[in-house]
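Just so it is clear, none of the values below were taken in a lab; they were calculated from the coordinates. If you're wondering where the values come from, they're calculated on a predicted model, not measured in any experiment. As a convention, Cβ positions derive from the backbone with ideal geometry for all residues, glycine included, and neighbour counts pool all protein chains shown.
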Amino acid sequence: MQGFGVLFISVIIIVAIMIILYAVRIITEYDRAVIFRLGRAIAVKGPGIILLWPVIDRMVRVSLRILTFEVPSQDVITKDNVTLKISAVVYFKIVDPLNAVVQVADYYNAISQLAQTTLRSICGEAELDKLLAEREKINAEMQDILDKHTGPWGIKITIVELKQIDMPQDMQRAMARQAEAERDRRAKIINADGEFQAAQRLSDAAKIIAENPMALQLRYLQTLNEISSTNNTTMIMPIPLDIIREVGRSFSSGNSSNDANNTVNAGVK
């Protein structure tokens with residue numbers, strides 16, 4: 001009897017140790033434990049040490065850290081009939097562990113499927129130029145839609161980003177030609193604008209020289225100075241501008257006299 005009693009006490013001690021080991025759980029700072037007792041969700045516990053009743057209690061561990069997954073590349077036809085392959089990345093976190101466990105069977109897979117459908121829907125309603133130029137707007141719109149659907153699940157969508165947009169080679173070449181033509185157009189406009197400004201400056205300079213004849217003489221001397229400063233064999237013979245004007249006037253008056261004489265002779269004949 002004494003040996004049987006020792007064996008019975010040993011069994012009880014072993015069972016008690018096993019129960020204690022099963023009942024004591026340690027929950028980390030970034031986790032929460034959803035407790036089910038006889039199938040009913042009764043509480044969310046953690047972090048730290050928690051106790052579970054053997055057999056009747058069950059625990060589901062839920063992480064509160066930001067989770068991420070990559071939305072697989074989706075075939076999308078845009079509003080202007082361009083076929084693209086678009087991938088995205090979604091960041092989310094659980095704000096209500098009880099609803100995340102009770103309301104949806106597999107929240108990770110549910111968010112993945114919802115994100116793929118939303119990506120095809122939003123990008124299919126936009127044109128190619130909008131997808132390329134307004135990516136922040138597309139991201140915000142997708143985030144609002146996902147957050148509205150996942151809110152009842154106790155999940156918060158923090159960031160949605162279009163990761164990559166793959167275009168056909170023909171479309172890439174067409175866009176390259178368009179960009180090249182745009183650069184050529186801007187270059188021609190800039191060149192024409194420079195010519196226009198130069199013409200305006202020359203016109204202003206001509207008016208100033210016309211009002212001040214000595215300015216032309218100074219410009220003439222400056223030109224001679226620039227020519228003489230270079231290493232060349234050019235011979236310069238400066239002639240005063242007044243002499244050139246007198247010669248021009250004499251030549252003009254001589255031509256006028258010859259025209260008058262020719263007119264008189266023609267009348268006499």
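Assorted remarks:
- Cβ-derived FRET efficiency at R0 45 Å, residue 180 paired with residue 117, nearest 0.05: 0.75
- Cα-based reach from residue 137 at 23 Å (exclusive), listing lysines while leaving out same-chain residues under 8 positions away: 79, 85, 93, 148, 156, 163
- Three semi-axes of the equivalent ellipsoid, segment 1-149, Cα gyration tensor, whole Å, largest first: 52, 13, 12
- Cα gyration tensor shape of segment 16-63, rounded if a/c is under 1.5, else prolate or oblate by comparing a/b with b/c: oblate
- Net charge, residue 27 excluded, C-beta distance under 15 Å - Lys, Arg +1, Asp, Glu -1: +3
- Ranked by how many other Cβ atoms sit within 10 Å of their own Cβ, fewest first, the residues 78, 158 fall in the order 158, 78.
- Whether segment 185-227 is rounded, prolate or oblate, judged on the alpha carbon gyration tensor where a/c under 1.5 counts as rounded: oblate
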